[in-house]
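In what follows, a single structure is set out as C-alpha cells and then discussed.
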Amino acid sequence: MSKKKTPFFPAPALPCTGVETHAHLNSKQFAEDLEAVLQRAAAAGVAQLMQVFLHPTVYEAQKHLFAPHSNVYYLLGIHPTEADQYTPEAEAATARLMREEPRFRAIGEIGLDYYWKDQPADLQKQVFAAQLALAKACDMPVVIHCRDAEEDTLAMLLEHGFSGRPLLWHCFGGTAAFAQRVVEHGWHLSIPGPVTYPANTHLREAVAAIPLERLMVETDCPYLAPVPLRGQRNEPAYLGYTIQAMAEARGMDVAELWTTCGNNARRFFGLPELA
C-alpha cells in the first residue's frame, strides 16, 4: 500500500516579519483549507499578505473570505489574459474601491502576456495603458505582470511616465542585466519560488545583483512552488524556501533578508509597521 503524501511541508522557521507580496488565496485550490493556510503562513513568519483580485466583481463575491483577517491587504487589476473584461464599469468600480476601501494598496497585476494567446496584443496594450492612467489618477502603486513581453512592457511604462513612480515587477524571472534596467527607474522586483530551481542560475545571479532595498519575495500561489515542493500547490508558508535560496545567492543571513524584504514591502504598499 502506498503511503499518503503529506499535504504540508514546513519551511525553515523565520521571525514573524515577512510579507507575502502576491497571493491568489481566493483560488479554488484553497477552497477547503483557507483558514489553515493563513494559520500556517503566520506560524511560518508571514506577518502581512497581499491578496490579488483580478476583477471588481471577484472582490465583491469573495471579500468575505478575508474580512476577518486584518493583516491581509488587497491588489486589484485586470490581468492581460482577460483584457476583454476591462469595461467602463470595471474601471469605475476599481476607482471607487481604491478611494473607499483602505485595504486596497495597489493596482495590479496588470501588464502584457504574449505567452498565452487568449487576447490580442493590441487589446492588451490598450487595457494596460488605461490601467496605468487609472493608477496615476488614483495615486496608487502598480504591480506588473509581464510574460514574454519585456521590451513592450518597459516601453509602455516609460511612454506613460512611470519612471520614478512606485512600481513592483511581480514574479521576476529575468537576468541581472534586465533587473538593472528595472531598478534604474526606481522600481522594485519580487522574487518567486523558481529561484530555487537548479537550472535558474541566471535568476540567482539577478538576486545577487539587485539592490537590497528593491527586493521583495512572493509565492504567486497556488502556482510556482519552490523546491522541494515543485509541482505541488504553493502557499505562503513555503516562502521560507524561496528566501533561503535568495539569501544563499546574496551571501546573507536568511532572517535578515526576510525582515529586510518585509520592510521593503511595508514601505512600498504603505502597510502598518510591526509592533
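Annotations for the structure displayed:
- Per the conditions (1) part of a helix (DSSP H, G or I); (2) over 16 Å from Trp258 (Cβ atoms), the sole criterion not satisfied by Ala42 is (2).
- Extreme residue, nearest to Cys171 (Cα to Cα), among residues of segment 27-46 that are of a type outside the set (Gly, Ala, Ser) and buried (at least 20 other Cβ atoms within 10 Å of the Cβ): Val46
- Of all residues in segment 108-120, those satisfying the criterion of being among the hydrophobic types (A, V, I, L, M, F, W, C) and under 18 Å from Leu158 (Cβ atoms) are Ile110, Leu112.
- Identity of the residue in segment 214-264, in a loop (DSSP other than H, G, I, E, B) and acidic (Asp, Glu), that ends up surrounded by the fewest Cβ atoms within 10 Å (Cβ to Cβ): Asp253
- Within segment 228-250, the residues that satisfy the criterion of being more than 18 Å from Leu189 (Cα to Cα) and either without any contact (Cβ under 8 Å) to a residue 24 or more places away in the chain or polar (S, T, N, Q) (or both) are Gly231, Gln232, Asn234.
- Boolean, Ala93 is surrounded by 15 or more Cβ atoms within 10 Å (Cβ to Cβ) and either in contact with a Cys (Cβ under 9 Å, 6 or more places away or on another chain) or not β-branched (Val, Ile, Thr) (or both): yes
A short reminder: the numbers here are calculations on the coordinates, not readings from a lab. Treat the numbers as computed from the prediction; the structure is a model and nothing was measured. Don't worry about glycine lacking a Cβ; one is built from the backbone with ideal geometry, like all the others, and counts go over all protein chains shown.
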